[in-house]
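Notes to accompany the following structure.
A short reminder: the numbers here are calculations on the coordinates, not readings from a lab. A quick note: this is a predicted structure, and the numbers were derived from the prediction, not measured. Glycine also receives a Cβ, built like all others from the backbone with ideal geometry; neighbour counts cover every protein chain displayed.
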Amino acid sequence: MATAVLRFSRQLAKKHIGLLGREKCYQTSNLSKAVPCRTVVSTASGAILPKPNKTSFGLIRMTIVVVPFLYVGTLISKNFAALLEEHDIFVPEDDDDDD
């Protein structure tokens, strides 16, 4: 059963993504921009190919992605904690520290 699933997943990857086969090296995204996948690192004569261009993922882009998801996560957790308190499933006790 596991081998059948593995074979099926390999066929899907080869057919749709082009990771296991060399016939399709360009993946297209929704932005209609081709994203190359590197399957070969040397030429037929043995020479090493040059480094591919690196797209930097800067601090501003990372912040634009991380901050909204952190905010949504805090909203979900806050609402779920309020739901738990409302149904008396989890109510934190107030500790009196009169030391």
- With r defined as the distance between the Cβ atoms of SER56 and LEU83 and R0 fixed at 25 Å, what FRET efficiency is calculated, to the nearest 0.05? 0.05
- Item | Rounded to whole Å, sorted largest first: equivalent-ellipsoid semi-axes of region 51-92, Cα gyration tensor | 40, 9, 6
- Note, ³J(HN,Hα) from phi for region 71-76, Karplus 6.51, -1.76, 1.60, rounded to Hz, x at Gly and Pro: 5, 5, x, 5, 5, 5
